[in-house]
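> Submitted below is the structure of interest, expressed as structure tokens.
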Amino acid sequence: MPTTEEVTLLDLWASPFGQRCRIALAEKKVEYEYIEQNLADKSELLLRSNPVHKKIPVLLHGGRSICESLLIVEYIDETWPSPSPLLPADDPYARARARFWARYIDDKLFDCQTRLWKLKSGEPAHEQAKEDLVQALTTLEAELGDRDYFGGEAFGFVDVALVPFTAWFHTYEKFGGVVAEELWPRLVAWAHRCKERNSVAMAIADPHKLYDFVLFLKQKFGAK
Ligand SMILES: N[C@@H](CCC(=O)N[C@@H](CS)C(=O)NCC(=O)O)C(=O)O
């Protein structure tokens, strides 16, 4: 597909998955049309573009759809290799490791944070959600270690995958009493480093706006 074909992103401002795609597109300086989706009343375009999962984000490139945020980020990385790769181009082992951690983030974080805001505080299942979330982020903090970014010195794939979730730290504190600065100081410092990049600063949700949105979701879908 020629890189000059039209690019469109179906997305929702609060989605950490959508934010990954916006960061990757900005890193690669790709111009695109952004179409905000209403998930309570899904558009024909969304249903047609992602008929299997019916979820955002979806990237349309020359009319063809790519679904699932990590696959979209990989597609962007391969289609627009400049200015620099997100996955290490010449190191299969480093690529495998990056994919491992990105998948870990997908398997653990979203599920834990959803249980944290949906379940009733004080209930054993809520406590479990909190424990699982702390464990997942502590594991990620250990993986980051003393490096600037997950891949080493350069901002890359795992950074793109994880950084949108740091906008949720405020919500974790409100719903779970977990204070990111105390538990994961390296992740907090790394998030600040990432946010110095325009691509991240422009895409990442405002933590307070996100918390208000989650309060709204809790009223609608959560346990009282
Ligand atoms: N694994 C998917 C997750 C996408 C996802 O969960 N999107 C949510 C919004 S954050 C969605 O579209 N939900 C609508 C629904 O479940 O009906 C990805 O990485 O793209």
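The values are calculated or read from the model by the stated rules, or taken from the named source; none is laboratory data. Every value quoted in this text rests on a predicted model; they were computed, and no experiment measured them. Quick reminder, even Gly has a Cβ in these numbers, built from the backbone with ideal geometry, and neighbours come from all protein chains shown.
> Return yes or no: is residue 49 modelled with pLDDT of 95 or more, of a type in the set (Gly, Ala, Ser), out of contact with any helix residue (DSSP H, G or I) (no Cβ under 8 Å at 6 or more places or on another chain) and over 23 Å from residue 168 (Cβ atoms)? It would help to see each step written out before you state the result.
Numbers: modelled with pLDDT of 95 or more: yes; of a type in the set (Gly, Ala, Ser): yes; out of contact with any helix residue (DSSP H, G or I) (no Cβ under 8 Å at 6 or more places or on another chain): yes; over 23 Å from residue 168 (Cβ atoms): yes.
Yes, satisfied.
> Let me ask something additional. So if I check each of 72, 56, which one is within 24 Å of residue 107 (Cβ to Cβ), assigned to a loop (DSSP other than H, G, I, E, B), near the ligand (Cβ under 9 Å from one of its atoms) and touching a residue at least 12 places away in the same chain (Cβ under 8 Å)?
So the residue among 72, 56 that is within 24 Å of residue 107 (Cβ to Cβ), assigned to a loop (DSSP other than H, G, I, E, B), near the ligand (Cβ under 9 Å from one of its atoms) and touching a residue at least 12 places away in the same chain (Cβ under 8 Å) is 56.
> Take the conditions within 27 Å of residue 210 (Cα to Cα), in contact with a Cys (Cβ under 8 Å, 6 or more places away or on another chain) and among the polar types (S, T, N, Q) and apply them to residue 38. Does it pass?
no
> Pick from 145, 156: which is in contact with a strand residue (DSSP E or B) (Cβ under 8 Å, 6 or more places away or on another chain), of a type in the set (Gly, Ala, Ser), touching a residue at least 12 places away in the same chain (Cβ under 8 Å) and closer than 29 Å to residue 198 by Cβ?
Only one candidate qualifies: 156.
Residues are listed down the side, and each one gets a yes or a no for (1) touching a helix residue (DSSP H, G or I) at 6+ places or on another chain (Cβ under 7 Å); (2) hydroxyl-bearing (Ser, Thr, Tyr); (3) part of a helix (DSSP H, G or I):
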{"position": "103", "(1), (2), (3)": "no, no, yes"}
{"position": "111", "(1), (2), (3)": "no, no, yes"}
{"position": "122", "(1), (2), (3)": "no, no, no"}
{"position": "147", "(1), (2), (3)": "no, no, no"}
{"position": "159", "(1), (2), (3)": "yes, no, yes"}
{"position": "162", "(1), (2), (3)": "yes, no, yes"}
{"position": "166", "(1), (2), (3)": "yes, yes, yes"}
{"position": "193", "(1), (2), (3)": "no, no, yes"}
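> Return the residue satisfying two criteria in turn: it lies in region 181-191 and is within 28 Å of residue 122 (Cα to Cα) and touching a helix residue (DSSP H, G or I) at 6+ places or on another chain (Cβ under 7 Å), and of such residues it is surrounded by the fewest Cβ atoms within 10 Å (Cβ to Cβ).
181
> Taking the stated definitions as given, is residue 65 farther than 24 Å from residue 190 by Cβ and either part of a strand (DSSP E or B) or touching a Phe, Trp or Tyr at 6+ places or on another chain (Cβ under 8 Å) (or both)?
yes
> Just one of (1) more than 23 Å from residue 23 (Cα to Cα); (2) in contact with a Leu (Cβ under 7 Å, 6 or more places away or on another chain) trips up residue 171, so point out which.
(1)
> Let me ask another. Quick one: how many residues across region 112-121 are buried (at least 17 other Cβ atoms within 10 Å of the Cβ) and in contact (Cβ under 8 Å) with a residue 60 or more places away in the chain?
Count: 4.
> Next up: Taking the criterion of being over 30 Å from residue 219 (Cβ atoms) and exposed (fewer than 14 other Cβ atoms within 10 Å of the Cβ), would at least one residue in region 97-111 satisfy it? If you could, list the steps in order and put the result at the bottom.
Within region 97-111, the subset over 30 Å from residue 219 (Cβ atoms) is 97-104.
Remaining after also requiring exposed (fewer than 14 other Cβ atoms within 10 Å of the Cβ): 100, 103.
Yes: one or more hits.
> Hey, any hits in region 161-180 for a residue that's hydrophobic (A, V, I, L, M, F, W, C) and surrounded by fewer than 16 Cβ atoms within 10 Å (Cβ to Cβ)?
Yes: one or more hits.
> Give me the residue from region 1-53 that is among the basic types (Lys, Arg) and in a loop (DSSP other than H, G, I, E, B) and, out of that set, nearest to the ligand (Cβ to nearest atom). Working first, answer last.
Within region 1-53, the subset among the basic types (Lys, Arg) is 20, 22, 28-29, 42, 48.
After this cut, where a residue has to be in a loop (DSSP other than H, G, I, E, B) as well, the list is 28-29, 42.
Numbers: 28: 18, 29: 22, 42: 7 Å.
For region 1-53, the residue satisfying everything is 42.
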